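Novice: Sharing a structure, written as C-alpha coordinates. Questions coming.
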Amino acid sequence: MSIKLNNGIEIPQIGFGCWKVEKSICAQQIYEAIKAGYRLFDGAMDYGNEKEIGDGIQLAIKDGLVKREELFIVSKLWNNYHDPKSVKLAINKVLSDLKLDYLDIFYIHFPIAFKFVPFEEKYPPGFYCGDGDKFIYEDVSLAQTWAALENLVEEGLVKSIGISNFSGALIQDLLRTCKIKPALLQIEHHPYLVQEKLIEYTKSQGINIVAYSSFGPQSFVELDHPAAQDSITLFKHETVTKIASNHSVSPAKVLLRWSTQRGLLIIPKSNQKERLLANLKINDFDLTQEELDAISSLDKGLRFNDPWNWNKIPTFI
Ligand code: NAD
(Lines give C-alpha, C1' and ligand atoms only; values in the text may rest on other atoms or scores of the structure.)
Protein backbone atom coordinates (compact mmCIF):
# COMPACT_ATOMS: atom_id res chain seq x y z
CA MET A 1 0.00 0.00 0.00
CA SER A 2 1.37 3.39 -0.92
CA ILE A 3 0.48 6.96 0.01
CA LYS A 4 0.54 9.88 -2.43
CA LEU A 5 2.22 12.98 -1.06
CA ASN A 6 1.13 16.54 -1.85
CA ASN A 7 3.98 16.79 -4.40
CA GLY A 8 2.68 13.77 -6.35
CA ILE A 9 5.35 11.35 -5.11
CA GLU A 10 4.06 7.97 -3.87
CA ILE A 11 5.80 6.34 -0.92
CA PRO A 12 5.12 3.08 0.96
CA GLN A 13 2.79 3.35 3.96
CA ILE A 14 5.08 1.11 6.03
CA GLY A 15 8.76 1.78 6.50
CA PHE A 16 11.61 0.64 8.68
CA GLY A 17 12.71 2.81 11.62
CA CYS A 18 16.48 3.06 12.05
CA TRP A 19 16.74 4.68 15.50
CA LYS A 20 18.80 2.57 17.94
CA VAL A 21 19.79 0.07 15.26
CA GLU A 22 23.30 -0.67 16.47
CA LYS A 23 26.14 0.08 14.10
CA SER A 24 27.52 -3.45 14.39
CA ILE A 25 24.36 -5.00 12.89
CA CYS A 26 22.95 -2.05 10.99
CA ALA A 27 24.19 -2.81 7.46
CA GLN A 28 22.96 -6.41 7.75
CA GLN A 29 19.61 -5.24 9.18
CA ILE A 30 19.05 -2.88 6.27
CA TYR A 31 20.00 -5.61 3.83
CA GLU A 32 17.58 -8.08 5.52
CA ALA A 33 14.83 -5.47 5.59
CA ILE A 34 15.23 -4.80 1.87
CA LYS A 35 15.14 -8.56 1.30
CA ALA A 36 11.93 -8.74 3.39
CA GLY A 37 10.33 -6.09 1.16
CA TYR A 38 10.94 -2.80 2.97
CA ARG A 39 11.58 0.13 0.64
CA LEU A 40 11.20 3.11 3.01
CA PHE A 41 14.01 3.65 5.55
CA ASP A 42 13.60 6.27 8.25
CA GLY A 43 17.01 7.48 9.40
CA ALA A 44 18.42 10.66 10.91
CA MET A 45 21.75 12.40 11.41
CA ASP A 46 21.20 11.96 15.14
CA TYR A 47 20.95 8.15 14.97
CA GLY A 48 24.67 7.91 14.24
CA ASN A 49 24.33 4.96 11.87
CA GLU A 50 23.99 6.52 8.42
CA LYS A 51 27.33 5.16 7.17
CA GLU A 52 26.13 1.65 8.04
CA ILE A 53 22.68 2.26 6.49
CA GLY A 54 24.55 3.31 3.36
CA ASP A 55 26.62 0.12 3.44
CA GLY A 56 23.45 -2.01 3.67
CA ILE A 57 21.83 -0.14 0.78
CA GLN A 58 24.91 -0.43 -1.40
CA LEU A 59 25.19 -4.16 -0.75
CA ALA A 60 21.51 -4.73 -1.58
CA ILE A 61 21.87 -2.75 -4.82
CA LYS A 62 25.08 -4.60 -5.72
CA ASP A 63 23.39 -7.98 -5.12
CA GLY A 64 20.49 -6.95 -7.38
CA LEU A 65 17.85 -7.00 -4.59
CA VAL A 66 16.69 -3.51 -5.43
CA LYS A 67 17.43 -0.44 -7.54
CA ARG A 68 18.15 2.95 -5.96
CA GLU A 69 15.02 4.47 -7.51
CA GLU A 70 12.83 1.85 -5.79
CA LEU A 71 14.06 2.94 -2.37
CA PHE A 72 12.84 5.85 -0.23
CA ILE A 73 15.68 6.98 1.97
CA VAL A 74 14.92 9.43 4.74
CA SER A 75 17.12 11.56 6.98
CA LYS A 76 16.53 14.36 9.43
CA LEU A 77 18.38 17.62 9.95
CA TRP A 78 19.68 17.72 13.52
CA ASN A 79 19.23 20.72 15.79
CA ASN A 80 22.82 21.98 15.50
CA TYR A 81 22.53 22.53 11.72
CA HIS A 82 19.50 24.84 11.42
CA ASP A 83 21.48 27.81 10.12
CA PRO A 84 21.10 27.89 6.30
CA LYS A 85 24.91 27.62 5.88
CA SER A 86 24.91 24.53 8.09
CA VAL A 87 21.97 22.97 6.21
CA LYS A 88 24.20 22.72 3.14
CA LEU A 89 27.02 21.16 5.17
CA ALA A 90 24.52 18.76 6.74
CA ILE A 91 23.05 17.47 3.49
CA ASN A 92 26.54 16.93 2.06
CA LYS A 93 27.49 14.95 5.18
CA VAL A 94 24.29 12.86 5.07
CA LEU A 95 24.64 12.06 1.36
CA SER A 96 28.30 11.22 1.74
CA ASP A 97 27.61 8.91 4.74
CA LEU A 98 24.73 7.21 2.95
CA LYS A 99 26.76 7.06 -0.29
CA LEU A 100 23.84 8.50 -2.23
CA ASP A 101 23.48 11.45 -4.56
CA TYR A 102 19.97 12.38 -3.45
CA LEU A 103 17.66 11.86 -0.48
CA ASP A 104 13.98 11.03 -0.81
CA ILE A 105 12.84 12.85 2.32
CA PHE A 106 14.67 15.30 4.59
CA TYR A 107 12.91 16.49 7.75
CA ILE A 108 13.62 19.19 10.27
CA HIS A 109 14.00 16.76 13.20
CA PHE A 110 12.92 19.14 15.98
CA PRO A 111 11.76 22.77 15.91
CA ILE A 112 14.76 23.73 18.03
CA ALA A 113 17.95 25.40 16.81
CA PHE A 114 21.18 24.72 18.68
CA LYS A 115 24.55 26.33 18.12
CA PHE A 116 26.56 24.81 15.26
CA VAL A 117 29.10 22.17 16.24
CA PRO A 118 31.71 21.19 13.62
CA PHE A 119 31.55 17.52 12.56
CA GLU A 120 35.18 17.03 13.61
CA GLU A 121 34.36 18.20 17.14
CA LYS A 122 31.45 15.81 17.76
CA TYR A 123 29.21 13.85 15.41
CA PRO A 124 26.41 13.34 15.93
CA PRO A 125 26.47 16.05 18.59
CA GLY A 126 23.25 14.99 20.35
CA PHE A 127 22.60 17.65 22.99
CA TYR A 128 26.16 18.99 22.90
CA CYS A 129 26.39 22.64 21.87
CA GLY A 130 30.13 23.18 22.20
CA ASP A 131 30.29 23.91 25.93
CA GLY A 132 29.96 20.91 28.22
CA ASP A 133 26.33 20.09 28.87
CA LYS A 134 25.06 23.66 28.43
CA PHE A 135 22.32 24.25 25.84
CA ILE A 136 23.24 27.12 23.51
CA TYR A 137 20.63 28.25 21.00
CA GLU A 138 21.18 29.50 17.47
CA ASP A 139 19.43 32.70 16.40
CA VAL A 140 17.71 31.28 13.35
CA SER A 141 14.00 31.00 12.64
CA LEU A 142 12.22 27.91 11.39
CA ALA A 143 11.22 29.86 8.28
CA GLN A 144 14.92 30.44 7.47
CA THR A 145 15.76 26.77 7.98
CA TRP A 146 12.78 25.74 5.89
CA ALA A 147 13.86 28.05 3.04
CA ALA A 148 17.27 26.33 3.10
CA LEU A 149 15.53 22.95 2.79
CA GLU A 150 13.51 24.30 -0.13
CA ASN A 151 16.80 25.18 -1.84
CA LEU A 152 17.89 21.54 -1.50
CA VAL A 153 14.78 20.48 -3.41
CA GLU A 154 15.53 23.03 -6.11
CA GLU A 155 19.10 21.75 -6.35
CA GLY A 156 17.84 18.16 -6.79
CA LEU A 157 19.51 16.92 -3.62
CA VAL A 158 16.22 16.09 -1.88
CA LYS A 159 12.90 15.00 -3.41
CA SER A 160 10.53 15.85 -0.52
CA ILE A 161 10.89 17.87 2.65
CA GLY A 162 9.06 17.46 5.92
CA ILE A 163 8.84 18.50 9.54
CA SER A 164 8.95 16.48 12.72
CA ASN A 165 7.79 17.16 16.27
CA PHE A 166 6.04 20.39 15.19
CA SER A 167 2.89 21.59 16.92
CA GLY A 168 -0.17 22.82 15.00
CA ALA A 169 0.72 26.45 15.70
CA LEU A 170 4.24 26.02 14.29
CA ILE A 171 2.85 24.33 11.18
CA GLN A 172 0.38 27.14 10.70
CA ASP A 173 3.19 29.68 10.94
CA LEU A 174 5.41 27.79 8.49
CA LEU A 175 2.58 27.58 5.96
CA ARG A 176 2.39 31.39 5.95
CA THR A 177 5.85 31.79 4.45
CA CYS A 178 6.83 28.53 2.75
CA LYS A 179 7.24 28.18 -1.01
CA ILE A 180 7.07 24.38 -0.77
CA LYS A 181 4.53 22.89 1.64
CA PRO A 182 5.86 20.19 3.94
CA ALA A 183 5.01 16.82 2.38
CA LEU A 184 5.03 15.05 5.73
CA LEU A 185 4.79 15.63 9.45
CA GLN A 186 6.41 12.99 11.63
CA ILE A 187 5.09 12.74 15.18
CA GLU A 188 5.03 10.51 18.23
CA HIS A 189 1.73 8.66 17.98
CA HIS A 190 0.35 5.74 19.95
CA PRO A 191 -2.79 5.01 22.02
CA TYR A 192 -1.41 6.99 24.98
CA LEU A 193 -0.78 10.00 22.66
CA VAL A 194 -3.51 10.09 20.02
CA GLN A 195 -2.99 13.72 18.84
CA GLU A 196 -6.48 13.94 17.30
CA LYS A 197 -6.58 17.72 16.71
CA LEU A 198 -3.04 17.93 15.34
CA ILE A 199 -3.79 15.10 12.90
CA GLU A 200 -7.07 16.68 11.83
CA TYR A 201 -5.45 20.06 11.21
CA THR A 202 -2.38 18.67 9.44
CA LYS A 203 -4.45 16.48 7.14
CA SER A 204 -6.72 19.42 6.35
CA GLN A 205 -3.60 21.17 4.99
CA GLY A 206 -2.81 18.25 2.67
CA ILE A 207 0.18 17.12 4.73
CA ASN A 208 0.61 13.39 5.37
CA ILE A 209 1.51 12.11 8.80
CA VAL A 210 4.08 9.54 9.84
CA ALA A 211 3.63 7.94 13.25
CA TYR A 212 6.71 7.12 15.29
CA SER A 213 7.02 5.05 18.46
CA SER A 214 3.76 3.29 17.53
CA PHE A 215 4.20 0.86 20.43
CA GLY A 216 4.23 3.72 22.96
CA PRO A 217 6.37 3.06 26.03
CA GLN A 218 8.13 0.06 24.44
CA SER A 219 10.85 2.08 22.72
CA PHE A 220 11.53 4.20 25.81
CA VAL A 221 11.69 1.42 28.41
CA GLU A 222 15.05 0.47 26.95
CA LEU A 223 16.20 4.08 27.56
CA ASP A 224 15.14 3.88 31.24
CA HIS A 225 12.60 6.66 30.64
CA PRO A 226 10.76 7.04 33.99
CA ALA A 227 7.27 7.57 32.46
CA ALA A 228 7.79 4.53 30.24
CA GLN A 229 8.84 2.40 33.22
CA ASP A 230 5.66 3.47 35.02
CA SER A 231 3.28 2.82 32.10
CA ILE A 232 1.39 -0.35 31.35
CA THR A 233 2.94 -1.81 28.23
CA LEU A 234 0.45 -1.54 25.37
CA PHE A 235 1.22 -5.15 24.41
CA LYS A 236 -0.45 -6.21 27.69
CA HIS A 237 -3.16 -3.59 27.94
CA GLU A 238 -6.48 -5.43 28.22
CA THR A 239 -8.20 -3.24 25.60
CA VAL A 240 -5.49 -4.12 23.10
CA THR A 241 -5.18 -7.82 24.01
CA LYS A 242 -8.95 -8.31 23.82
CA ILE A 243 -9.11 -6.78 20.33
CA ALA A 244 -6.07 -8.84 19.32
CA SER A 245 -7.79 -12.03 20.42
CA ASN A 246 -11.00 -11.02 18.56
CA HIS A 247 -8.95 -11.12 15.36
CA SER A 248 -6.43 -13.82 16.35
CA VAL A 249 -3.53 -11.44 15.75
CA SER A 250 -0.76 -10.07 17.97
CA PRO A 251 -1.21 -6.89 20.03
CA ALA A 252 1.65 -5.37 17.99
CA LYS A 253 -0.35 -5.91 14.82
CA VAL A 254 -3.43 -4.26 16.36
CA LEU A 255 -1.37 -1.21 17.37
CA LEU A 256 0.12 -0.78 13.90
CA ARG A 257 -3.20 -1.38 12.14
CA TRP A 258 -4.89 1.19 14.37
CA SER A 259 -2.41 3.76 13.01
CA THR A 260 -2.68 2.77 9.34
CA GLN A 261 -6.48 2.69 9.54
CA ARG A 262 -6.29 6.27 10.79
CA GLY A 263 -4.52 7.01 7.48
CA LEU A 264 -1.04 7.39 8.96
CA LEU A 265 2.26 6.01 7.72
CA ILE A 266 4.21 3.86 10.18
CA ILE A 267 7.92 3.13 10.64
CA PRO A 268 8.27 0.40 13.30
CA LYS A 269 11.76 -0.67 14.21
CA SER A 270 12.82 -4.21 14.93
CA ASN A 271 16.08 -6.14 14.98
CA GLN A 272 14.29 -9.50 14.80
CA LYS A 273 13.64 -11.11 11.45
CA GLU A 274 10.20 -12.48 12.40
CA ARG A 275 8.97 -9.10 13.65
CA LEU A 276 10.49 -7.38 10.66
CA LEU A 277 8.31 -9.51 8.39
CA ALA A 278 5.25 -9.33 10.65
CA ASN A 279 5.34 -5.51 10.86
CA LEU A 280 5.22 -5.28 7.09
CA LYS A 281 2.07 -7.38 6.86
CA ILE A 282 -0.38 -5.63 9.13
CA ASN A 283 -2.87 -4.28 6.62
CA ASP A 284 -4.55 -7.63 5.89
CA PHE A 285 -7.39 -7.20 8.41
CA ASP A 286 -9.65 -4.38 9.57
CA LEU A 287 -10.50 -3.12 13.03
CA THR A 288 -14.13 -2.13 13.52
CA GLN A 289 -14.98 1.51 14.24
CA GLU A 290 -15.78 0.48 17.83
CA GLU A 291 -12.37 -1.13 18.19
CA LEU A 292 -10.63 1.91 16.71
CA ASP A 293 -12.50 4.14 19.15
CA ALA A 294 -11.74 1.87 22.11
CA ILE A 295 -8.01 2.09 21.36
CA SER A 296 -8.18 5.87 20.86
CA SER A 297 -9.93 6.20 24.22
CA LEU A 298 -6.70 5.10 25.95
CA ASP A 299 -5.31 8.57 25.17
CA LYS A 300 -3.74 10.31 28.14
CA GLY A 301 -1.56 12.84 26.33
CA LEU A 302 1.52 10.93 27.42
CA ARG A 303 4.50 12.09 25.35
CA PHE A 304 7.75 10.23 25.89
CA ASN A 305 9.84 12.25 23.44
CA ASP A 306 9.22 15.81 24.59
CA PRO A 307 12.08 18.18 23.74
CA TRP A 308 10.95 20.66 26.36
CA ASN A 309 11.49 18.00 28.96
CA TRP A 310 15.10 17.53 28.00
CA ASN A 311 16.87 18.09 31.22
CA LYS A 312 18.85 21.28 30.63
CA ILE A 313 16.24 23.70 29.31
CA PRO A 314 16.77 27.17 30.83
CA THR A 315 13.96 28.40 33.03
CA PHE A 316 12.98 31.30 30.72
CA ILE A 317 11.32 28.91 28.26
P1 NAD B 1 8.77 1.47 17.92
O2 NAD B 1 7.44 1.89 18.44
O3 NAD B 1 8.91 1.09 16.52
O4 NAD B 1 9.23 0.33 18.90
C5 NAD B 1 10.40 -0.34 18.80
C6 NAD B 1 10.40 -1.40 19.91
O7 NAD B 1 9.33 -2.31 19.69
C8 NAD B 1 11.66 -2.18 19.88
O9 NAD B 1 12.01 -2.45 21.19
C10 NAD B 1 11.28 -3.46 19.14
O11 NAD B 1 12.02 -4.56 19.53
C12 NAD B 1 9.82 -3.64 19.52
N13 NAD B 1 9.05 -4.29 18.44
C14 NAD B 1 9.09 -4.02 17.12
N15 NAD B 1 8.24 -4.79 16.43
C16 NAD B 1 7.61 -5.59 17.35
C17 NAD B 1 6.61 -6.59 17.26
N18 NAD B 1 6.08 -6.95 16.10
N19 NAD B 1 6.23 -7.19 18.42
C20 NAD B 1 6.76 -6.84 19.60
N21 NAD B 1 7.70 -5.89 19.74
C22 NAD B 1 8.14 -5.25 18.63
O23 NAD B 1 9.75 2.63 18.33
P24 NAD B 1 10.74 3.65 17.80
O25 NAD B 1 12.00 3.00 17.33
O26 NAD B 1 10.81 4.67 18.86
O27 NAD B 1 10.00 4.33 16.56
C28 NAD B 1 10.11 3.85 15.25
C29 NAD B 1 10.98 4.74 14.39
O30 NAD B 1 10.46 6.06 14.39
C31 NAD B 1 12.41 4.94 14.88
O32 NAD B 1 13.23 3.82 14.62
C33 NAD B 1 12.80 6.18 14.12
O34 NAD B 1 13.11 5.89 12.78
C35 NAD B 1 11.51 6.99 14.21
N36 NAD B 1 11.52 7.96 15.32
C37 NAD B 1 11.50 9.29 15.02
C38 NAD B 1 11.54 10.23 16.04
C39 NAD B 1 11.50 11.69 15.70
O40 NAD B 1 11.80 12.52 16.58
N41 NAD B 1 11.14 12.05 14.50
C42 NAD B 1 11.59 9.83 17.39
C43 NAD B 1 11.58 8.47 17.66
C44 NAD B 1 11.54 7.54 16.63
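The values are calculated or read from the model by the stated rules, or taken from the named source; none is laboratory data. Since the structure is predicted, the reported quantities are computational estimates derived from the model, not experimental observations. Quick reminder, even Gly has a Cβ in these numbers, built from the backbone with ideal geometry, and neighbours come from all protein chains shown. Accessible surface areas use protein heavy atoms only, side chains included; no ligands, DNA or RNA. Shrake-Rupley method; radii C 1.70, N 1.55, O 1.52, S 1.80 Å.
Novice: How would region 215-266 be classified by its alpha-carbon gyration tensor: rounded, prolate or oblate, with rounded meaning a/c under 1.5 and the a/b versus b/c comparison settling the rest?
Specialist: Values: a/c = 2.88, a/b = 1.49, b/c = 1.94.
In terms of gyration-tensor shape, oblate.
Novice: Moving to a separate point now. Once phi is turned into θ = phi - 60°, what whole-Hz ³J(HN,Hα) does the Karplus curve with 6.51, -1.76 and 1.60 give for every residue of region 282-288, x standing for Gly and Pro?
Specialist: These are the phi-based 3J(HN,Hα) values: 10, 8, 9, 8, 10, 7, 6 Hz.
Novice: Right, here's the next one. I want to verify a result. In a Gaussian network model of the chain, Cα cutoff 10 Å, which of these has the top mean-square fluctuation: Gln289, Gln13, Gln205?
Specialist: Gln289
Novice: Another question about this same structure. Under 5 Å between amide H atoms, partner at least 5 residues away or on a different chain: which partners does Ile108 have, H built in plane at 1.01 Å?
Specialist: Here the answer is Leu77, Gly162, Ile163, Ser164, since their amide H atoms fall under 5 Å of that of Ile108.
Novice: Leaving out ligands and nucleic acids, note down the accessible area per residue over region 2-309 with a 1.4 angstrom probe, in whole Å². Don't skip to the end; give the middle numbers.
Specialist: Numbers: 13310 Å² over 308 residues.
I get 43 Å² per residue for this part.
Novice: Note down the magnitude of the dipole of region 119-200 about its Cα centre, charges +1 on Lys and Arg C-beta and -1 on Asp and Glu C-beta and zero elsewhere, to the nearest 20 debye.
Specialist: Numbers: 7 positive and 13 negative charges, 69 e Å.
That gives a dipole near 340 debye.
Novice: Separate question: First check a/c for region 167-317, with a ≥ b ≥ c the square roots of the eigenvalues of its C-alpha gyration tensor; if it is under 1.5, answer rounded, and if not, answer prolate when a/b is larger than b/c or oblate otherwise.
Specialist: Details: a/c = 1.85, a/b = 1.31, b/c = 1.41.
Verdict is oblate for region 167-317.
Novice: While we're looking at this one, here's another question. Evaluate the charge dipole of region 164-210 about its Cα centre and quote only its size in Debye, nearest 20, assuming +1 on the Cβ of each Lys and Arg and -1 on the Cβ of each Asp and Glu. Present the calculation step by step, with values, prior to reporting the outcome.
Specialist: On the way: 5 positive and 4 negative charges, 51 e Å.
Rounded to the nearest 20 debye, it is 240 debye.
Novice: Subtracting the Cα-Cα distance from 0.36 nm times the residue separation, let me have the gained length for Asp230 to Lys35 in nm, one decimal.
Specialist: The span from Asp230 to Lys35 would gain 66.5 nm if fully extended.
Novice: Same structure again: Could you give each residue of region 19-29 its phi-based ³J(HN,Hα) in whole Hz, using Karplus coefficients 6.51, -1.76, 1.60 with θ = phi - 60°, and x for Gly or Pro?
Specialist: With coefficients 6.51, -1.76 and 1.60, one gets 5, 6, 7, 5, 3, 4, 10, 5, 4, 5, 4 Hz.
Novice: Counting each DSSP H run of 4 or more residues in the chain as -39500 (n - 2.57), what helix-only mean residue ellipticity at 222 nm follows after dividing by all residues, to the nearest 500 deg cm²/dmol? Can you show the working numbers first?
Specialist: Working: 12 runs with 119 residues, N = 317.
Here the helix-only value at 222 nm equals -11000 deg cm²/dmol.
Novice: Provide the per-residue ³J(HN,Hα) series for region 79-92, in order, calculated from phi with Karplus coefficients 6.51, -1.76, 1.60 and θ = phi - 60°, each as a whole number of Hz, with x at glycine and proline positions.
Specialist: Values per residue, Gly and Pro as x: 3, 7, 10, 6, 4, x, 5, 6, 4, 5, 4, 5, 5, 4 Hz.
Novice: Measure out, as a whole number of angstrom, how far apart the alpha-carbon centroids of region 49-119 and region 281-304 sit.
Specialist: 32 Å
Novice: Shifting gears a bit: Lys/Arg Cβ at +1, Asp/Glu Cβ at -1, dipole of region 2-309 taken about the Cα centre: which of Leu256, Ala44, His190 is farthest positive-ward?
Specialist: Among Leu256, Ala44, His190, the one farthest towards the positive end of the dipole of region 2-309 is Leu256.
Novice: Which entries of Lys23/Lys281; Lys51/Lys197; Lys88/Lys253 have Cα-Cα distances beyond 30 Å here?
Specialist: Working: Lys23/Lys281 26 Å; Lys51/Lys197 37 Å; Lys88/Lys253 39 Å.
Exceeds cut-off: Lys51/Lys197; Lys88/Lys253.
Novice: In whole percent, how big is the carbon plus sulfur part of the accessible area of region 2-309, probe 1.4 Å, protein atoms only? Please report the intermediate quantities before stating the final value.
Specialist: Details: 6620 of 13310 Å².
With neighbouring chains kept in place, the figure for region 2-309 is 50 percent.
Novice: Does region 64-196 come out rounded, prolate or oblate by the C-alpha gyration tensor, with a ≥ b ≥ c the root eigenvalues, rounded set by a/c under 1.5 and, if not, prolate when a/b is larger than b/c and oblate if not? List each step's numbers first, then the result.
Specialist: Working: a/c = 1.39, a/b = 1.07, b/c = 1.30.
Since a/c stays below 1.5, the shape of region 64-196 is classed as rounded.
Novice: To the nearest 20 debye, what charge dipole does the chain have about its Cα centre, counting +1 at the Cβ of each Lys and Arg and -1 at the Cβ of each Asp and Glu?
Specialist: Values: 35 positive and 40 negative charges, 70 e Å.
Value, rounded to 20: 340 debye.
Novice: Could you sort Ser167, Ser219, Ser24, Ser204 by their accessible area in this structure, using a 1.4 Å probe and putting the largest first?
Specialist: My answer, sorted largest first, is Ser24, Ser204, Ser167, Ser219.
Novice: A further question on this structure: To check you understand DSSP bridge types, tell me what percent of the beta bridges within the chain (both residues inside) are antiparallel, rounded to 5.
Specialist: Details: 5 of 30 bridges.
Given both bridge residues lie in the chain, the antiparallel proportion sits at roughly 15 percent.
Novice: Something else: If you take every DSSP beta bridge whose two residues both sit in region 178-317, what share of them, in percent to the nearest 5, is antiparallel?
Specialist: 10 percent
Novice: For Glu138, Glu196, give the ranking by accessible area with the largest first, probe 1.4 Å. List each step's numbers first, then the result.
Specialist: On the way: Glu138 55, Glu196 100 Å².
The ranking, largest first, comes out as Glu196, Glu138.
Novice: Assuming 0.36 nm per residue, please report the length gained on full extension of the stretch Gln172 to Ser297 beyond their Cα-Cα distance.
Specialist: Values: separation 125, 0.36 × 125 = 45.00 nm, distance 2.70 nm.
Between Gln172 and Ser297, full extension yields an extra 42.3 nm.
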